[in-house]
Each structure stands twice: as C-alpha cells, then as structure tokens.
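Report on the structure given below.
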Amino acid sequence: MEQSNSCTSFDWIEHYPLAVDVCDREGTLIAMNRLAAENFKSWGGTALLGKSVFDCHPPAANAMIRRMLKEQCANTYATEKQGQRKLVHQCPWYDSTGAFAGLVETIIPLPPEVPVFQRG
C-alpha cells in the first residue's frame, strides 16, 4: 500500500505568517518568503535575492552581521518604525551535512502590549 504524504508538497514557508529571509555564509540573500518580500518591497522585494545583505544595512548592523557569520551566533532585538513594533530574531542555519550555511532572520510583528509570563 502506497502511503500518501501531502506535507511534502506543501510549501509551508510561503504560507508561514511571519517574514523569513535567509543569507549564505558570505551574506548573500538566497531566500525569502512572501511576507519578507512584502516587508522589503521598498528595497526591491524579491529583486534583493542574490544581493549582499551588507548593502541594505548601516555600518553598526553590518558589524553585527559579520560577527554572527564569523561566530555562528544568534541575535534578537525589538524595533519600532511608524508605530509598528517588531521582534527580529537572526540565527545560524546549517546544511544537510551539518556545516554552517548562513543566517535566517525571522521578523515577528508585535502588538502594542506583549504580555510576559513568568514560568517556574
């Protein structure tokens, strides 16, 4: 009996409700979902694919990106622009062999009041 796996044909990243973009070890943007393309529309959206992330950031941010690429470490911060708060999480990703492959950035829109729950 052949087993059907409809999940393998579902492009979940395109339907994921958060913006996700990916760069390689050199900082070249190699992937973005539809929400990331929308977020970066004024910069060119999907036309940014193949471009360096260093061209889109100020010097202080570029220094942080270079450090994350070198040390394979994560960075998380909140930002606010035009009244919209966002949580930005950047973390390393690894290819199928386990080798460091670059960084993934996830951008999460935040409501005005985000509850913080103390656990344990």
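Worth a mention:
- Extension reserve of the residue 12-residue 30 stretch, reckoned as 0.36 nm per residue once the Cα distance is removed: 4.8 nm
- Rounded to the nearest 20 debye, the dipole size of the chain about its Cα centre is 440 debye, using +1 on the Cβ of Lys and Arg and -1 on the Cβ of Asp and Glu.
- Here the peptides 31-39, 52-60, 9-17, 64-72 are ranked by packing, the mean other Cβ count within 10 Å, and the order with the highest first is 31-39, 64-72, 52-60, 9-17.
- Taking each DSSP H run with n ≥ 4 as -39500 (n - 2.57) and averaging over every residue of the chain yields -5000 deg cm²/dmol at 222 nm.
- Hits among lysines - C-alpha to C-alpha of residue 81 under 28 Å, sequence gap 8 or more where chains match: 41, 51
Bear in mind these aren't lab numbers, they're just calculated from the coordinates by the rules spelled out. A quick note: this is a predicted structure, and the numbers were derived from the prediction, not measured. Here the Cβ is made from the backbone with ideal geometry for all residues, glycine too, and neighbour counts use every protein chain on show.
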